[in-house]
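All remarks here apply to the structure that follows.
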Amino acid sequence: MTKKQSWTADLIPDQTGRLFVVTGANSGLGLATTRELARRGGRVILAVRDEEKGRRAADELVAAGVAPDLLDVRPLDLADLDSVRAFAGRMREEHARLDVLVNNAGVMAPPRTLSPQGHELQFATNHLGHFALTGLLLDLLAAGRDSRVVTVSSINHRQGRLRFDDLAGERGYAPMAFYNQSKFANAVFGQELHRRLTEAGSPVRGVLAHPGYTATRLQTRDTSGLLRWAFSHLGNPHFAQSPERGALPQLYAATEPGLAGGEFIGPDGLAELRGAPTRVRLSDAAADPGTGRRLWDLSERLTEVRFPVTAS
């Protein structure tokens, strides 16, 4: 991919007639992504944990000029696999196809908390929920046009590793280390999904993206103590870019014509902290096929979701 320093959301092609699901669409990167997709004519299902906040976000977009018939708010708590199944079931009842799934939502560095199914909250929300959602919607995506799964990871994936012997942090929990683990899992999943889709001859493409360092509620909503203070008073005001800029890589991944599966899109600036979308490097550890197979098998077992694509 040619480096596109000047790429902006104004270059998104017309999306009229296309259907998107954006998780975590009521704020931050998800809201910015939803705004631009709908502004270009795409219909967006705002998959949100809090329906009231989702409706307020949709009202905000309508007040800014987005056509109300392009926005549809639906409840989805990615930490709860029962909620994921309910969301997917409603999608299957109401739609015959889906063009793009943007796996955007996430939590960051909360105190140790378990999901309803007993998984560590960050791993459950950021990875397992998106894994299950993708598998449950894959047949709708296969019926879509230029269909894609965009999984949002982080530059922090390069600092992460999978604690297969202690995924829930029972023997030791550090909030940022387990956030990095979840973002590493996103990167491994995105790469393994691409590999399996390609081997199966699926028309669906798996693409990865990361926003660089972007100021969102993620850093201040879930974190606590010194970490929250550092984000609020040091990092975000002085180094972070806006959600509108941070959303560009995932918008590029979702809409750029001819983009190949398996790409990892991030900012082109120094240390990938900010800038315009370009191809960036996935860590060698995240690209390892053995790690991919191991995480995939574990995720199928923990979620009880089996994908209609298998590894060779």
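Only the coordinates and a few stated rules stand behind these numbers; no lab work does. No experiment lies behind these values; they were computed from the predicted model shown. Because the Cβ atoms are built from the backbone with ideal geometry, glycine has one as well, and the counts that use them run over all protein chains shown.
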Original post:
Just LEU29, LEU46, LEU70 to compare: in a GNM of the chain, with alpha carbon springs under 10 Å, which one fluctuates most?
Top reply: LEU70
**OP:** Could you run the Karplus curve 6.51 cos²θ - 1.76 cosθ + 1.60 with θ = phi - 60° over the stretch 37-49 and give me ³J(HN,Hα) per residue in whole Hz, x for Gly and Pro?
**Re:** 5, 5, 4, 9, x, x, 8, 10, 8, 7, 8, 10, 6
Original post:
Around THR278, which amide H atoms from residues at least 5 apart in sequence, or from another chain, sit under 5 Å from its own amide H, with H modelled in the peptide plane?
Top reply: GLY266, ASP268
Subject >> Among VAL149, VAL73, VAL62, residue whose mean-square fluctuation peaks in a GNM of the chain (springs only between Cα atoms under 10 Å) >> reply: VAL62
Original post:
Distance in nm between label sites at LYS53 and ALA200, each 7 Å beyond Cα in the beta-carbon direction?
Top reply: 3.2 nm
Original post:
Across the stretch 97-103, in residue order, what do the Karplus-derived ³J(HN,Hα) couplings come to in whole Hz, using 6.51 cos²θ - 1.76 cosθ + 1.60 with θ = phi - 60° and x for Gly and Pro?
Top reply: 7, 9, 8, 9, 10, 9, 7
Original post:
How large is the dipole of the chain about the Cα centre if only Lys and Arg carry +1 and Asp and Glu carry -1, each at its Cβ, rounded to the nearest 20 debye?
Top reply: 460 debye
Subject >> CD proxy at 222 nm, helix term only [per DSSP H run n ≥ 4: -39500 (n - 2.57); per residue of the chain; nearest 500] >> reply: -12000 deg cm²/dmol
**OP:** With N set to the residue count of the stretch 243-312, report its C-alpha Rg divided by 2.2 N^0.38 Å to two decimal places.
**Re:** 1.39
Subject >> LEU71 long-range amide H proximity, modeled H, under 5 Å >> reply: VAL44
Original post:
Any number yet on Rg/Rh for the stretch 1-108, C-alpha, Kirkwood?
Top reply: 0.98
Original post:
Translational D (Stokes-Einstein, µm²/s) of the chain at 37 °C and 0.692 mPa s when Rh comes from the Kirkwood sum over C-alpha pairs?
Top reply: 172 µm²/s
